[in-house]
Amino acid sequence: MALKYNLSKVYALSDNDQEFVHQILTLFVTEVPEDLKKIKEGINNKDHKQAYAFAHKIKPTLDLIGLNVAFEEILQVEAWTKVEGRKKDIIETFKSVKKRVKEAVKEIKKDFDL
């Protein structure tokens, strides 16, 4: 029912090509949760470069899928990596991104039978 996500950018980009939309959503539900694990690993290990690389990787996808708050939060994660901040300064923001992605993945899987 698209409460947790907005596919207007995906449909605009794809010119309403349902197969393309399905491919984008499949990539989102399979790759972004794995990338979040890598971000968390980077945060926990104080590996700011790893956290940055995976935050940067998922940033356009969050925007494309219409996860606007998660997109803004991932920008905060990127900024945190650049200043090599402390874990306690970013962990709640990361948890929020993870929660929003998890909710969107659940809803997309249900809505599109993925």
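The values are calculated or read from the model by the stated rules, or taken from the named source; none is laboratory data. Owing to the predicted nature of the structure, the values given are computational and were not obtained by experimental measurement. Positions of Cβ are generated from backbone atoms using ideal geometry, with glycine treated the same way; all protein chains shown enter the neighbour counts. We work out accessible area using only protein heavy atoms, side chains counted, and drop any ligands, DNA or RNA first. Shrake-Rupley method; radii C 1.70, N 1.55, O 1.52, S 1.80 Å.
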Among (1) loosely packed, with under 14 Cβ neighbours inside 10 Å; (2) touching a Phe, Trp or Tyr at 6+ places or on another chain (Cβ under 7 Å); (3) of a type outside the set (F, W, Y), N16 falls short only on (2)
All-but-one check, L114 against (1) of a type outside the set (F, W, Y); (2) open to solvent by less than 90 Å² (accessible area, probe 1.4 Å); (3) over 19 Å from Y11 (Cβ atoms), failing number (3)
Within the range 1-32, the count of residues that are of a type in the set (D, E, K, R) and within 16 Å of the chain's Cα centre (by Cα) comes to 3
Of E92, E73, the only residue that is over 27 Å from H22 (Cα atoms), among the acidic types (D, E) and in a helix (DSSP H, G or I) is E92
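Is it true that I65 is under 10 Å from the mean Cα position of the chain (by Cα) and either surrounded by 15 or more Cβ atoms within 10 Å (Cβ to Cβ) or more than 27 Å from F20 (Cβ to Cβ) (or both)? Explain how you work it out, then say what you get.
Details: under 10 Å from the mean Cα position of the chain (by Cα): yes; either surrounded by 15 or more Cβ atoms within 10 Å (Cβ to Cβ) or more than 27 Å from F20 (Cβ to Cβ) (or both): yes.
Considered against the rule, which asks whether it is under 10 Å from the mean Cα position of the chain (by Cα) and either surrounded by 15 or more Cβ atoms within 10 Å (Cβ to Cβ) or more than 27 Å from F20 (Cβ to Cβ) (or both), I65 comes out as yes.
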Of the candidates K40, K9, K59, K4, the one satisfying the condition of being charged (D, E, K, R), part of a loop (DSSP other than H, G, I, E, B) and surrounded by 13 or more Cβ atoms within 10 Å (Cβ to Cβ) is K4
Filter the range 70-89 for residues that are in contact with a helix residue (DSSP H, G or I) (Cβ under 6 Å, 6 or more places away or on another chain) and within 30 Å of S8 (Cα to Cα); the one that is most open to solvent (accessible area, probe 1.4 Å) is Q76
